[in-house]
Each structure stands twice: as C-alpha cells, then as structure tokens.
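Structure, as structure tokens:
What follows is calculated from the coordinates using simple rules that are stated; it is not laboratory data. Owing to the predicted nature of the structure, the values given are computational and were not obtained by experimental measurement. As a convention, Cβ positions derive from the backbone with ideal geometry for all residues, glycine included, and neighbour counts pool all protein chains shown.
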Amino acid sequence: MNYFNIYKLILDTINNSRPSNFQELLDLIDSSDEVSQIRKDLGDRSSIDFLQEITANLIEDGLVKGRTTGYMDGTLFDIEGLSTSGYLYLEQTKKVGVWDKIKKYAIEEGLEPTPKNISKLIARVAWD
C-alpha cells in the first residue's frame, strides 16, 4: 500500500466531491483500488481506523479544514474542504518528479511517511 497515494486520494476526493463528514468521504473512496488494497491487507475494521487516522492527521496538520470530535462510540469528522496548504499539496503532486524529490528528502532527513512529515516535505519541495 502506498501511503502517498492514500493521502492524495483523500485530498482529491475532498477537493472534487466536497464530503461534509467521514462517512460521505468513505462512501466516495470505498470503491477505489487503494482502499480495496487496504481492506485486503488490514480487514474492514482496521482499514476504517487507518483511513480515519489519515483524515484526522490531514485536519490536524492543516491540509483539510474541519474538526474531529471524540465520542464513546468513535470519532465524528466535520469536513469543510481543503485549506490553502491542501491546495498547495495537490498542485505540487502534479509536477513531474515531485515524488522522487519527496522520497529523496525523506531519506536525507530520516523521516517516516507520516502526514505531518509529508506536509513538511511538500512544503520543502514547493519552495525549492
């Protein structure tokens, strides 16, 4: 499973389809090849947890405008759209060779492909 592809899939879906909550987002991405692979690798419950974690990280890292609210039964996601940083991220991913640069910088800096680190690396690539 390519973490970068999942990250971009969620951002693209929020940008293009404007889901207002996690269930709407999940309904929109559920039939994608990336999510099918996650479900195959992790199982249904763990794949939902994984996708929620990525979505929460996108909100916390400022790429997605929204809020998360924790409840006993789980987390409620209120998704408002992409932030300026989210749009910048998507623009950068369209450039030829951007993933090679991101991977190079990640190796140089010893960073794991977490949402926060990916955001940092995208910002570095954007200002190169």
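Could you let me know the centre-to-centre spacing of the range 48-87 and the range 8-23, using Cα atoms, in angstrom?
Centre-to-centre distance over Cα atoms comes out at 10 Å.
Which value, in debye to the nearest 20, describes the size of the charge dipole of the chain about its Cα centre when Lys and Arg Cβ atoms bear +1, Asp and Glu Cβ atoms bear -1, and nothing else is charged?
With only Lys, Arg, Asp and Glu charged at Cβ, the dipole is about 440 debye.
Working from the pairwise distances between different alpha carbons, so that the mean of 1/r is found and then inverted, what is the range 87-126's Kirkwood radius in Å?
For the range 87-126, the Kirkwood estimate is 10.0 Å.
Taking the Cα atoms of the range 1-103, report the difference between the largest and smallest coordinate on each principal axis, in whole Å and largest first.
The Cα atoms of the range 1-103 stretch 43, 30, 22 Å along their principal axes.
Report the relative contact order of the range 87-126, percent, no decimals, based on alpha-carbon pairs under 8 angstrom and at least 6 residues apart.
Worked out over the range 87-126, it gives 53 percent.
Please list, in chain and number order, the residues 5+ apart from Leu82 or on another chain whose amide H is under 5 Å from its amide H, with Hs placed from the backbone.
Placed amide hydrogens put Lys65 under 5 Å from Leu82.
Among the listed pairs Lys65/Lys103; Lys65/Lys116; Lys65/Lys101; Lys95/Lys116, give every one whose C-alpha distance is greater than 24 Å.
Over 24 Å apart, Cα to Cα: Lys65/Lys103; Lys65/Lys101.
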